[in-house]
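Reading through the structure tokens given below for one structure.
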Amino acid sequence: GTYSPSAGSAACSACVAGTYSPSAGSTSCNVCVAGTSSTSGSSSCSVCIAGTYSPSAGSSSCPMCVAGSYNSASGQAVCTSCPAGTFNANSGSTSSSSCSLCAIGTYNPSALGASTCSSCPAGKYAATVGSTTCTDCASRLGSPGGSGICCPDGSYILPSSSGCLQCNINSYSVGGAVCSSCAAGTYATLTGSTACTGQVVSTCPAGSGIVFNQFGCYLCAINTFNTGSSSQCKSCPTGSIALTVGSVSCVVSPCSVGSYTTTGTSAGCKLCPAGTYDTLFGSGSSCKSCTTGTFSAAIGSSSPCTSCSPGSFANTSAATSCAACPAGTYTASSGSSSCSGCAAGKASSSIGAVSSSTCSACPAGTYSLKAAANCASCSPGYYNPNEGSSSCTSCPVGTYDPYYSSTSQNSCLPCPLGYASSVAGASACTICGAGKYSSQGSTCLACSAGTYSSAGVSSCADCSAGSYSATGSSSCLTCPAGTYSDVRSGSCSKCVAGKYSAAGSLSCSSCAAGSYSMEGSSSCSLCLAGSYTSSTGSLSCTKCSAGSYAATSGLTSCQPCAVGYYAGSDAASSCVMCAIGSVAAEGSSSCTVCKGGTYAVSSSNTCSSCAAGKYSGNGATGCLSCAAGTSSLSGSATCSACSSGTYASSAGSSFCDACSAGSYSSGGASVCLLCPSGTYSSSVQAGSSSVCQSCSAGTKQPALGASSIDSCLSCAAGTYSAAASASCYACGANTYSLPLSSSCTSCPSGFSSVSNAAGCSVSTPNFPLLSYADSVNADNHLYTSPVFIVPGAVGYTLQFDT
């Protein structure tokens, strides 16, 4: 029946009317469905009982079905309307039998439920019950409103709508609804007239007479007649009778004096019964009754009735005897229809008294009303000090008299303490019940709130501290736990939030630190883990802020999260260890991820820098060594590739080495590449192979990574090389070369050579071969070469071979 929508609430709120919460610990209330309802603070919805409904969800009550409708089932959202032709004047109906059929002369056309049926308008009728419409009356027929039939002209509808009756003389009708009296100066001589005429009547038909204003005729009464010769009806002569109205003549009575007939024949004559008489010759269909104050005891009496004698009376007509005046009454005259009563305050025991002198005054202590036969004693609680009294005086409020016939107010005794008489004329005092008291005898007063009493006491006792009582209590009730009271309290006060009490307490105690209470608590609740209170008398607990925690209930403070741990939200009962690769200082609400170039192991508050030659990304738990061809400084998030002309030969390098002369490298190299054979480079930290220079033609350089031009060696005579050659190649037969030759020269005609020759020899054997070693050439190389004599030559050519 209550809920709390957010954490940390000091109190739960009652669900509003039309909603409910079915279980403890609810954060919201559910809406009651149509056909149910609830009051404020409900744990469930009540199903609407039969005869009620709730049209929509969230209803706070189930109203009764309105008049014109009903509901036979429970839990309904709507009521069923009574069908057309029916009505229901009551609300809250539970059955279709509550819908009654419209009466004859009424109708209901609506199927939406009516509380009444409408009367048919004039000129229309409804002949059956349960009509939904009214039918028009036929021509010259009519009906008043609410009629079930239509009547012809000259008639009217009986009050019960059971039939039609002709209009009387001097009245008429058109439309058959009601008869109207003829207007002044007009008349209608016949029954069933449809109109009145204005002519004065001078004669009437036999058996009738002219009315006094000559505007109509009337029928002769029984025992009267009119032959038509007179304007008025006449009484029948003595000895004759007329047994029907409208008689035109009388017939001789067949009966004697003191008798009557109803048939007009002697066979139908009967004697007048006692209490009646007939002085004529059977002149009627009945005998005359004795008037009050007279009587006739004889049967067939032909003389008037006898008057009652003094002291007797006859109070009805047709009396057969007179009764004696009862005690307390008298009559002094004859022919009395009643007796006179003794005056109040007097009494007479005489029967048939003829004088008021028989009435005697009542003595003190007694009284009488009018026409009393005896004086009555004053009842207990009353007294009378005088003679001839018509009443007794009541004892005043707060007194009582237990005796009859008291003659003095002194006989009225005051009520004892604890008793009371709240009305005058008490015969005894009533004991004041438990919860009441009386100190003055007139009334029992209710004990005020905070006091109590047993029966029959004159004052109320105070309730002790820790108890209470409502007005008129017979005992004090113990204050329930969570409340307290002072002496003489009419109610118990709730302990304020932050305090508590046991049952029967006169005060409330403050909750200890680490606990709290709501208003009206019988005990204090420990602060839940994740919250605390450091002071006594707390009405709520404070949530631990982010970065701190309270591990158990009932704590008075929160502890900061340790290094490497964090609490990311309020009300934490524990701290969470930071993930490896992140750190947190003491009391942290979050962990900081180590940046690239740093790392952290568990439970740390700082990130360590990676050493030179290592690197790390964000959130690293350790550093990785830079790969060969790369290097890093301390605290690096990445490794840098060695620039062109440098290299790092092993992983984990903190710097890159320069390539030496005779080698080179591109970026990210783990080794320097050697210049190929036939080339050389004297450059240090070369970034490409373009620094490797070719050895000139006629030289060779067989090694890799030559760092100087001196590494290029001259080809010997008889050999040759192209530029950038790793070795010199031998000249073929019949060719030769000098030192540093880039190619071999063919021997001239008449000369020849073997392979790898430095010169050609004369093919003819009779020419001596001259050779000598000679000079130093311009580039300071010493050449030694034989001299070949060429046949037919003017001179000779010196051929030098390296």
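Here are the numbers for the structure shown:
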{"item": "Yes/no for S439 being among the small types (G, A, S), modelled with pLDDT of 95 or more and not in a strand (DSSP E or B)", "result": "no"}
{"item": "Residue among S665, S721 that is among the hydroxyl-bearing types (S, T, Y), closer than 30 Å to C610 by Cα and in contact with a strand residue (DSSP E or B) (Cβ under 6 Å, 6 or more places away or on another chain)", "result": "S665"}
{"item": "Selection status of A298, among the small types (G, A, S), modelled with pLDDT of 90 or more and assigned to a loop (DSSP other than H, G, I, E, B)", "result": "no"}
{"item": "Which listed residue is within 26 Å of T366 (Cα to Cα) and surrounded by 15 or more Cβ atoms within 10 Å (Cβ to Cβ), from S442, S438, S411, S454", "result": "S411"}
{"item": "Enumeration of residues in the range 517-535 that are within 28 Å of A562 (Cα to Cα) and open to solvent by 40 Å² or more (accessible area, probe 1.4 Å)", "result": "L526, L528, A529, Y532, S534, S535"}
{"item": "Residue within the range 561-573 that is outside any loop (DSSP other than H, G, I, E, B) and farther than 12 Å from S604 by Cα present", "result": "no"}
{"item": "Members of the range 23-45 that are more than 11 Å from the chain's Cα centre (by Cα) and over 28 Å from L539 (Cβ atoms)", "result": "G35"}
{"item": "Which numbered condition T542 misses (of (1) buried (at least 17 other Cβ atoms within 10 Å of the Cβ); (2) in contact with a Cys (Cβ under 7 Å, 6 or more places away or on another chain))", "result": "(2)"}
{"item": "All positions within the range 37-60 that are hydroxyl-bearing (S, T, Y), surrounded by fewer than 16 Cβ atoms within 10 Å (Cβ to Cβ) and closer than 14 Å to A77 by Cβ", "result": "S56"}
{"item": "Residue among S459, S421, S448, S454 that alone is more than 20 Å from S394 (Cα to Cα), touching a strand residue (DSSP E or B) at 6+ places or on another chain (Cβ under 6 Å) and modelled with pLDDT of 90 or more", "result": "S459"}
{"item": "The range 584-600 residues that are of a type in the set (A, V, I, L, M), paired with ones that are assigned to a strand (DSSP E or B) (beta carbon under 7 Å, 6 or more apart)", "result": "A584/Y565; A584/Y566; A584/T592; V593/S582; A600/S582; A600/V583; A600/S608"}
{"item": "Residue in the range 701-709 that is open to solvent by 20 Å² or more (accessible area, probe 1.4 Å), on the phi < 0 side of the Ramachandran plot, of a type in the set (G, A, S) and in contact with a His (Cβ under 9 Å, 6 or more places away or on another chain) present", "result": "no"}
{"item": "Pair list, Cβ < 7 Å and 6+ apart or interchain, from the range 502-528 residues that are farther than 16 Å from K543 by Cα to residues that are charged (D, E, K, R) and surrounded by fewer than 22 Cβ atoms within 10 Å (Cβ to Cβ)", "result": "L506/D486; E519/K494; G520/K494"}
{"item": "Test: residue in the range 28-36 that is touching a residue at least 40 places away in the same chain (Cβ under 8 Å), in contact with a strand residue (DSSP E or B) (Cβ under 9 Å, 6 or more places away or on another chain), exposed (fewer than 15 other Cβ atoms within 10 Å of the Cβ) and over 30 Å from S118 (Cα atoms)", "result": "no"}
{"item": "Lone qualifier among A24, A10 - being within 30 Å of L526 (Cα to Cα) and in contact with a Leu (Cβ under 8 Å, 6 or more places away or on another chain)", "result": "A10"}
{"item": "Test: residue in the range 646-664 that is in a strand (DSSP E or B) and over 29 Å from A726 (Cβ atoms)", "result": "no"}
{"item": "Answer residue from the range 646-664, given it is farther than 15 Å from S707 by Cα and not hydrophobic (A, V, I, L, M, F, W, C) and is surrounded by the fewest Cβ atoms within 10 Å (Cβ to Cβ) among those", "result": "S650"}
{"item": "Subset of the range 676-695 that is open to solvent by 70 Å² or more (accessible area, probe 1.4 Å) and in a loop (DSSP other than H, G, I, E, B) - its residue that is farthest from L740 (Cα to Cα)", "result": "Q685"}
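The values are calculated or read from the model by the stated rules, or taken from the named source; none is laboratory data. Remember, it's a predicted structure, so these values are computed and weren't measured experimentally. We place every Cβ from the backbone using ideal geometry, glycine too, and count neighbours over all the protein chains shown. The accessibility values were calculated without ligands, DNA or RNA, using every heavy atom of the protein model including side chains. Shrake-Rupley method; radii C 1.70, N 1.55, O 1.52, S 1.80 Å.
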